[in-house]
Amino acid sequence: MNLQFLIIDTQNDFAHPTGSLFVPGADKDSERLAAMLKRHVSQINDIHVTLDTHHWVDIAHPIFWVDNQGHHPAPFTTITEDDVLSGQWKTFHPSCQARASEYVKALKANGHYDLIIWPPHCLIGQTGHNIVTPIAEVLIEWENTFTMVDYILKGFNMWTEHYSAVKAEVPDLDDPTTLLNSQLIDNLKQADLIACSGQALSHCVASTIRDIADNLGEENVSKLVLVEDTSSPVSGYEADGEQFIAEMKARGMQMVQSTATLL
């Protein structure tokens, strides 16, 4: 049986208590996931690890926007299309205004999330971008079997949020990294079982698994197994995590605890 793990954004900024966007519970989630990986290390055919990867200048970071007094938005501020049209928020550089206006319009049209301003996180070259230690150590143990982790970077296009590892919230036709990650989908199609985990349940985990399910086809959704006690929601978005689980269970996704034996 082909067993693959999909590990989503288990990085220091999300999963370590000192991280700039720490998800409450993610440190313990990571310890449980590491223990599960260690028990299955000789049985895993492939491990896909997604890495949220940002520049300081990003449409979802405070530096990008200002109000009429020239103040940058506080983290966790929501900026809607109406906020931009009314002039409540405008881009720090006027040259960015037209494209940013189109972006929030497109977000409203796709109905996923409004633009959320996050604390700068998972910055390229910074400690917060690294995989949290318990999981990083087990990944090296698995690579010692002379295999290689499939690392998937997402989010370094400053013009769009990239919660899902499959595609950006608003794909940029000039940037292939924001378009459908067909290579990941093709790799996952080879699996008999895809164990899914990571951070955060309410955002990147939910978006990634939904997109994978849509592209694998409904007949293959039952291959997806969410390791329930190794993924937590962003504070204040618990209902989004619960809605995601209910939706995907109805579609056929399986649920297990980290103490389970998958094979």
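All of the numbers you see were taken from the coordinates with simple rules; none came from a lab. The structure presented is a predicted model; accordingly, all values stated were derived computationally and were not measured. Methodologically, a virtual Cβ is constructed for each residue, glycine included, from the backbone with ideal geometry; neighbour enumeration extends over all protein chains shown.
Annotation: extensible slack from VAL41 through ASP186 equals 50.0 nm (criterion: 0.36 nm per residue apart, minus Cα-Cα distance). Per residue, the chain reaches -9000 deg cm²/dmol at 222 nm when only DSSP H runs of four or more residues are counted, each adding -39500 (n - 2.57). Post the alpha-carbon centroid distance, the range 50-100 to the range 185-226, in whole angstrom. Here the answer is 31 Å between Cα centres. Peptides 125-132, 67-74, 5-12, ordered by how many other C-beta atoms sit within 10 Å of their residues on average, highest first, read 5-12, 125-132, 67-74.
The mean sequence distance of close C-alpha pairs (under 8 Å, at least 6 residues apart), as a share of the length of the chain, puts its relative contact order at 26 percent.
Of LYS105/LYS249; LYS90/LYS167; LYS167/LYS189; LYS108/LYS167; LYS38/LYS154, which pairs sit farther than 21 Å apart, going by alpha carbon to alpha carbon?
Cα-Cα > 21 Å for LYS105/LYS249; LYS90/LYS167; LYS38/LYS154; rest within.
For Cα extents along the principal axes in Å, computed directly from the structure shown, the correct entry in (1) 58, 38, 33; (2) 63, 37, 35; (3) 50, 39, 36 is (1). Taking amide H as placed 1.01 Å from N in the peptide plane, the amide H of GLN11 sits under 5 Å from that of VAL132, each at least 5 places away or on another chain. Given their separation in residues at 0.36 nm each and the Cα-Cα distance between them, THR145 and THR133 gain 2.4 nm when the chain is fully extended.
Multiplying the residue separation of VAL256 and MET1 by 0.36 nm and subtracting their alpha-carbon distance yields 90.0 nm.
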